[in-house]
Amino acid sequence: MELLSALSLDDLAASFSKLPVFPLFDVAYYIISILYLKYEPGAVDLSKRSPVASWLCAMLYCFGSYILADVLLGESPIHYFSNNANILLASAVWYLTFFCPLNIFYKIVSFLPVKLVLVGMKEVVRVRKIAMGIHHAHHHYHHGWVIMVLIGWVKGSGVALMSNLEQLLRGVWKPETNEILHMSFPTKASLYGAILFTLQQAHWLPISKAYLIFFFTLFMAVCKIYMTATHSHGSPFAIFESGICYVLFAAANGDHDDHGNHHHHHDDHDVSHSAGKSKEEHNEGTRKRKTKKAE
């Protein structure tokens, strides 16, 4: 901590944690979120065929995390829609993204250097949402660690977790794309971040919230910018996860394989036995026919 103080990171982290995200960072969040919506198959046609459905999908992309968190905490799912400024900004971004003449707005924000800046700004908002989710859950459940992790996770990746609902609004039903079954990097990172912020909130992690916000935001922004620039869909957690899964679940998988092999051998034995029995019955039938012919 003395080294960090010497590098003036104390003031930097404190200032960064107090940096307001509205309206600049929020607008960047809305732009990238709705840009990803436009990438979805059929999203452009939907905007022309049913602008209301398209707008609702855009609102889920922008505010789905707040809606899901409010539902889990027993609050009104439309509570966040009372923030008129945020709704108007997100609606303006939706309109410009889908209906701007000559697609000028879309071409500007999808230009890679601009997009990379916006992606990094979006991660600033994501980490703040995780931290605020943990604080909000702690206010309701002081010792509910699981609840705090869950709300922080939802605040960071609620849009992805509600993807099936958003698909229904677009007239698509793909349950095999459930985010729980196939977690993307932001969803996994939000879960791990929620765990870290919960440990910090419970004073089990010896680091201030300002430092945690600063370093985790830096990590998220660097990872997402790199993955966007290289069009990568991998995860920096892959090596760590494979090692943990091997230690914790390899034995269970091995037992399962052995069990499956046991059944396989048992089935082979049954097949062999059935084949032998069929052969004996065939020979017995042949012998009886020969005896009958001889008689």
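The values are calculated or read from the model by the stated rules, or taken from the named source; none is laboratory data. It should be emphasised that the depicted structure is a prediction, and the values quoted were computed from it without experimental measurement. Here the Cβ is made from the backbone with ideal geometry for all residues, glycine too, and neighbour counts use every protein chain on show. Areas reflect the complete protein model, heavy atoms only, side chains present, ligands, DNA and RNA absent. Shrake-Rupley method; radii C 1.70, N 1.55, O 1.52, S 1.80 Å.
Can you name every one of the helices (runs of 4 or more DSSP H) wholly within segment 1-71 that holds 3 or more residues which are more than 16 Å from residue 214 (Cβ to Cβ)? Write out each step before concluding.
Working: elements: 2-6, 9-17, 24-39, 43-49.
Helices (runs of 4 or more DSSP H) meeting the threshold: 24-39, 43-49.
Only one of 95, 61 is of a type outside the set (A, V, I, L, M) and in contact with a Ser or Thr (Cβ under 8 Å, 6 or more places away or on another chain); which?
Numbers: 95 fails: in contact with a Ser or Thr (Cβ under 8 Å, 6 or more places away or on another chain).
When all the criteria are applied, what remains is 61.
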In the set 157, 91, 76, 110, the lone residue that is touching a helix residue (DSSP H, G or I) at 6+ places or on another chain (Cβ under 8 Å), at pLDDT below 95, surrounded by 13 or more Cβ atoms within 10 Å (Cβ to Cβ) and of a type in the set (Gly, Ala, Ser) is 157
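I'm checking my understanding of the structure. Among residues of segment 94-107 that are out of contact with any helix residue (DSSP H, G or I) (no Cβ under 6 Å at 6 or more places or on another chain) and part of a helix (DSSP H, G or I), which one is least open to solvent (accessible area, probe 1.4 Å)? I'd like the intermediate steps shown before the answer.
Start the filter on segment 94-107 by keeping residues that are out of contact with any helix residue (DSSP H, G or I) (no Cβ under 6 Å at 6 or more places or on another chain), which leaves 95, 99-104, 107.
Next, from what is left, pick out any that are part of a helix (DSSP H, G or I): 95, 99, 101-104, 107.
Working: 95: 124, 99: 69, 101: 95, 102: 139, 103: 53, 104: 82, 107: 128 Å².
Only one residue fits best here, namely 103.
Which members of segment 129-164 meet the condition of being outside any helix (DSSP H, G or I) and over 20 Å from residue 61 (Cβ atoms)? Please lay out each step first, then the result.
Kept after step one, since they are outside any helix (DSSP H, G or I), are these residues of segment 129-164: 141-144, 162.
Listed by number, the residues that qualify are 141, 142, 143, 144.
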Regarding residue 134, is this residue in contact with a helix residue (DSSP H, G or I) (Cβ under 9 Å, 6 or more places away or on another chain) and under 18 Å from residue 180 (Cα atoms)? no
Where residues in segment 229-243 are over 18 Å from the mean Cα position of the chain (by Cα) and of a type in the set (A, V, I, L, M), which of them is nearest to residue 188 (Cα to Cα)? 239
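Restrict the check to segment 180-187 and report whether at least one residue is open to solvent by 50 Å² or more (accessible area, probe 1.4 Å), in a helix (DSSP H, G or I) and under 19 Å from residue 32 (Cα atoms).
Our first condition is that a residue be open to solvent by 50 Å² or more (accessible area, probe 1.4 Å); within segment 180-187, this holds for 180-183.
Checking the rest, the ones that are also in a helix (DSSP H, G or I) come to none.
Within segment 180-187, none of the residues are open to solvent by 50 Å² or more (accessible area, probe 1.4 Å), in a helix (DSSP H, G or I) and under 19 Å from residue 32 (Cα atoms).
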Condition check for residue 247: under 30 Å from residue 120 (Cβ atoms), part of a helix (DSSP H, G or I), open to solvent by 80 Å² or more (accessible area, probe 1.4 Å) and at pLDDT 85 or above: no
Look through segment 21-59, keep the residues that are under 14 Å from residue 89 (Cβ atoms) and of a type outside the set (A, V, I, L, M, F, W, C), and return whichever of them is farthest from the chain's Cα centre (by Cα). 23
